[in-house]
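Single-structure report; data block below.
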Amino acid sequence: MLTADPNASFPDLADLLRFYAEAGVDEPLLEEPVNRFEEQAAARQAAMAAVTKTPPKMPAPAAPARPAATAAPVLPDEEQAVRARELAASAQSLDELCELLRNFDGCNLKLTAKNLVFADGNPQPDVMLVGEAPGRDEDIEGLPFVGRSGRLLDAMLAAIGVSRKTNAYIANVVPWRPPGNRTPTPLETEICRPFIERQIELARPKILVALGGPSAKVLLHANEGILRLRGNWKVHRTASGVEIPTMPTLHPAYLLRNPAHKKLAWRDLLEIAARLDQMRA
C-alpha cells in the first residue's frame, strides 16, 4: 500500500490553477461535490412510484384517413433501360448520340442536373478516359473533368504526351450530376450504360482508360476493387465485337485525397504510354 511522504513538497494553489488553465480547464463546474449514486437511487424510486400510481392509458382513437398525397415522380424502371439500349444502338455518330441523350427523359438525374455532360476532347482519339459521373464544376460548365480533379488529370496526361486538345477524349458513365454528388444508383447506372458503351464504340479509341472503381466495373463487368484492378491490362468488348485494350487506374479525385498513391497512377500512365508507342510503331 502506498503512503504519502510527509516530507514531499506539493505545488502551491497558484501553480495548480495555472496548470489547469493551460490544460483548458478555465472555469469550475460546481461549488460543491455531488453524490451521483444518490441521484440515481432517487431517480429509480421516483420512476417506480410513477409506475404504481399512473393508471394504464387507453389506446388513442384512430385518426381519420387522410386523402392520398400527390404521388412523387416515378423513378426510372427497367423499361427505361430497355429504351436506352434501343436509342443508343440507333445512333450513327457521336453528335447524334449526344442529341439523343439531350432529349432522353428516362433518367431522373436529368431533372436535377443543370447540364448534360457528354464529352470533351478529340472525338477520334488515341486514348479515351471514362469516369463515373460529373461533379459540381462539370455540371455548371457542361464538360467533364474541369474542376480540381480535371486539372490533375490534364497534368497526368501531359506527362505522357496526351492531351484532350489533340489525342484524348473524356466522358463519364453517367452524363448527369447526381444531386449532392451522391453515388449513382445501380438502376441509374444501368440506364446510362448503353449510351457510354455506344459512345466508346463510335469513338473507337486505341486505348480505353477506366478512371476509378465504378467506371471499371461498368466497362469491364468486374467485381474487384480498383486497387486490385489497376495496373493490369483488360479488354472492353463493344457490341459489334471490337476489343479495346483497357487500363483501369485511380480516379484523380481519389488521388487528391490520397496523394501517396500518385506513384501507382504514374505506373499505370507509363504502361499506357508504352502501349501507345507500340501501336504507333
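Which residue, S240, P194, Q124, has the largest displacement toward the positive end of the dipole of region 78-280 when charges sit on each Cβ (Lys, Arg +1; Asp, Glu -1)?
The one lying farthest along the dipole's positive direction is Q124.
Where nothing but the Cβ of Lys and Arg (+1) and of Asp and Glu (-1) is charged, how large is the charge dipole of region 83-164 around its Cα centre, in debye to the nearest 20?
Values: 9 positive and 13 negative charges, 44 e Å.
Around 220 debye, computed over region 83-164.
Longer than 24 Å from Cα to Cα, which of K234/K263; K114/K263; K206/K234; K110/K262; K217/K262 are they? Say none if no pair is.
K114/K263; K110/K262
Counting Lys +1, Arg +1, Asp -1, Glu -1, what net charge surrounds R193 among other residues with beta carbon under 11 Å of its beta carbon? Could you put the intermediate results ahead of the total?
Values: positive: R85, R198, K217; negative: E188, E190, E197.
Summing Lys and Arg as +1 and Asp and Glu as -1 gives 0.
If Lys and Arg each add +1 and Asp and Glu each add -1, what is the summed charge of the other residues whose beta carbon sits under 14 Å from the beta carbon of L270?
Local charge sum for L270: +2.
Using a Förster distance of 25 angstrom, determine the FRET efficiency expected from the C-beta separation of I140 and A222, and round it to 0.05.
The formula returns an efficiency of 0.20 here.
What spacing in nm lies between the two simple spin-label points modelled at K262 and M279, each 7 Å away from Cα in the Cβ direction?
The answer from the label model is 2.7 nm.
Full-extension gain between S90 and N181, please, as 0.36 nm times their residue separation minus the C-alpha to C-alpha distance.
29.7 nm
For region 78-280, what does the alpha-carbon gyration tensor say about shape, rounded, prolate or oblate, given a ≥ b ≥ c as the root eigenvalues, a/c under 1.5 as rounded, and a/b over b/c as prolate?
Verdict is prolate for region 78-280.
Would you please put 210-217, 181-188 in order of how densely packed they are, using the mean number of other Cβ atoms within 10 angstrom per residue and starting with the highest?
Answer by packing, highest mean first, reads 210-217, 181-188.
From the square roots a ≥ b ≥ c of the eigenvalues of the alpha-carbon gyration tensor of region 194-281, which class results: rounded (a/c under 1.5), prolate (a/b over b/c), or oblate?
Oblate shape, in that a/c is at least 1.5 and b/c is the bigger or equal ratio.
Computed from the coordinates by the stated procedures, all read-outs in this text should not be read as laboratory data. Quick caveat, the model's predicted, so the values are computed rather than measured. Virtual Cβ from ideal backbone geometry, glycine too; neighbours counted across all protein chains shown.
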